1. Give B:LEU366, B:LEU401, B:LEU452, B:LEU371 a once-over and let me know the one that is touching a Pro at 6+ places or on another chain (Cβ under 7 Å), among the hydrophobic types (A, V, I, L, M, F, W, C) and under 28 Å from B:VAL340 (Cβ atoms).
2. Quickly run through the stretch B:300-323 and pick out the residues that are over 24 Å from the mean Cα position of the chain (by Cα) and within 12 Å of chain A (Cβ to nearest Cβ).
3. Inside the stretch B:350-396, can you point out the residues that are polar (S, T, N, Q) and open to solvent by 10 Å² or more (accessible area, probe 1.4 Å)?
4. Just give me the residues in the stretch A:63-76 being under 20 Å from B:PRO10 (Cα atoms) and out of contact with any Cys (no Cβ under 8 Å at 6 or more places or on another chain), in sequence order.
5. Identify, by number, the condition in (1) open to solvent by less than 40 Å² (accessible area, probe 1.4 Å); (2) touching a helix residue (DSSP H, G or I) at 6+ places or on another chain (Cβ under 8 Å); (3) at pLDDT below 95 that B:MET306 doesn't meet.
6. For the stretch B:269-279: of the residues being among the β-branched types (Val, Ile, Thr) and modelled with pLDDT of 95 or more, which is nearest to the chain's Cα centre (by Cα)?
7. So if I check each of B:SER85, B:SER40, which one is open to solvent by 40 Å² or more (accessible area, probe 1.4 Å) and at pLDDT 95 or above?
8. Looking at the stretch A:46-70 only, could you name the residues that are of a type in the set (Val, Ile, Thr), within 8 Å of another protein chain (Cβ to nearest Cβ) and touching a residue at least 24 places away in the same chain (Cβ under 8 Å)?
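The values are calculated or read from the model by the stated rules, or taken from the named source; none is laboratory data. Nothing here was measured: the structure is a model prediction, and the numbers come from that model. A quick note on method: Cβ atoms are made from the backbone with ideal geometry, for glycine too, and the neighbour counts reach across all protein chains shown. Heads up: the accessible areas ignore ligands, DNA and RNA and are worked out on the full protein's heavy atoms, side chains in. Shrake-Rupley method; radii C 1.70, N 1.55, O 1.52, S 1.80 Å.
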Amino acid sequence: MQKSLLIDADKCTGCLQCEMACSVSAEGSFNPSKSRIKIFPFHDEGVFVPYTCTQCDEAWCLHACPVEAIQLNKETGAKEVINDLCVGCKVCTISCPFGTINYNADSGKVIKCDLCGGDPECAKACPTDAITYVDANWTGYDKMKASAAKAIPGQPAS
Amino acid sequence: MHHVIIGAGPAGVVAAETLRKADPSAKITILGKEKEPPYSRMAIPYKLKGKIEEEGMYLRHDTEHFKALDIDIRQVNVDKINSDSKTVDLSDGSQQGYDKLLIATGATPLTPPVKGMELPGVHKSWTMDDMRGIESLATKGAKVVQIGAGFIACTNMEGIVARGVELTIVEMEDRMVPRMMDEIAGNMIKDWCIDQGVNVLTNGMVTSIEESSNGASRYQVTVKQKGAVAAAEPVAEAKESGGILSAIKDALFGGGSAVPETAPVSDEVKLDADLVIVATGVRANTGFLEGTDIAVDQGILINENMETSVADIYAAGDCAQGKDFSTGQQEVHAIQPVAVEHGRFAAQNMLGRSVENPGSLNMNVLDAVGLISCSYGLWMGVEGGDSVKVVEKDMWRYLNLQFDGDVLVGSTAIGTAQHMGAMRGLIQMRVNLGEWKSILMEEPTRVMEAYLALTQSTVIK
């Protein structure tokens, strides 16, 4: 059973522990700007929204890559950036209609959530269970992915 | 069933793989004219920069990939399509039959009608061979003139500059990347490049490339500047931010500090060059279709099922002129993501499944020696539509949103590489922005918030 991140914005306090855990694990520094998960504050509503890649089936980033630098991890279902192959052309960053793959100017490569190989640090760091890592068919992500996929034309089944 | 694909670029390769996935027994043949394994032209700047080896440019890295998928790649040129007999004539004198044919022949760089284009130190920037030619001449300290400041030319700059050359860019239009950036953005990119030590001559047309006798370089490139008043040292002048422009302005409005009193009024500039790179746009490869019934305009005309005007013949990628998502008209979108989408749609339809392409969205992302920009869809706006922009010249940042009613239809962004794709999401989902329209008109940089609030309703109640 593949698992995915379940995000419950109602439980998010905006503490940014997930961003810290992600950046230190992925980049070796406590630097939220390098985090693959982002907390978006909605100050008027007093809401914090954790947001990251849903590892969507359409895999816009993977298909757009001209040099096969984004590949499917068959165990976790994550679409992973292969650093040795990424040339930093950024085509994936404009192809992903969710805006969840970004360019890191320091490394000259793109970065995205890879589910930490199946043990996501953000979920472990979250003190309020706003981010959990659960069986994929529980998450509501399927619903989110389905609605997004329906609304965005352009990708036939591969 | 025998699927024959002409062209081994991204559209052709992705189509072949998609066909194989759905039909394990079909015969699949790719006819490509270049000797290398399928590779990405987009990767050329990164090879020039030394970031990758040639193998890093390959579309697929497993050397057994195509063999394992039983996709036969033949290095041969296609001279002619005979749709009556369902065969193609090949350059080796043989014929190849097909059941379904996909034309994915890509594009060819244009050759401007300029004297000296045949000289050995003049290179296009399109194929692996071109790239090797540039590599051999773009050595440290070499003087390089690049004709054109379009997308390919600008992407190239980074790779060329990293080789330690002295680079001058000559562009006919009034700004850089004129076909994907508006005036503000194109000039911001120009100023940035000048700041990075690149000489930029806009409104300039190269009129000749000649062997040089002055000993300073191999060639001399003559540039005519449209209506410009050039100073005595035009290249040095251009190094100052807005040098040429301010010179024009001063000439028109009676200023004068930027133009030395002794400067002759001249519209001709001579540039030294050891290497000239020609990047003045591309044209769809359709020449071999002359005399067939396959309808061609700017590219091969295709319907939503990727079919040409002739039965069982499809087209995809840079050579195809298919539906534009934004306008509904048929346009050539010679860009990587569209090539891949086209390849997948074409394969589905070649398999006999009627899968309609809802139209491809024009989009570009550019890294001009470190300044990142992107544009989407109708970035130039629509008649009667609202628009909003934020210009932060000192921060090298720019954002421009274009609306049709309360729907985002185009955008331009400079100086950010974060969450850019969300703009594609908003545009291509045709999201009604509702109250967010007025929020964005006030604060356009909140576009990611608008995206989250409007599309991620399962996370935001």
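1. Result: B:LEU401 is the single residue among B:LEU366, B:LEU401, B:LEU452, B:LEU371 that is touching a Pro at 6+ places or on another chain (Cβ under 7 Å), among the hydrophobic types (A, V, I, L, M, F, W, C) and under 28 Å from B:VAL340 (Cβ atoms).
2. B:ASN305
3. B:SER354, B:ASN362, B:ASN364, B:SER387
4. Residues satisfying the conditions are A:HIS63, A:GLU68, A:GLN71, A:LEU72.
5. Of (1) open to solvent by less than 40 Å² (accessible area, probe 1.4 Å); (2) touching a helix residue (DSSP H, G or I) at 6+ places or on another chain (Cβ under 8 Å); (3) at pLDDT below 95, only one is false for B:MET306: (3).
6. Within the stretch B:269-279, the match that is nearest to the chain's Cα centre (by Cα) is B:VAL278.
7. On inspection, the qualifying residue turns out to be B:SER85.
8. Passing the criteria: A:VAL47, A:VAL49.
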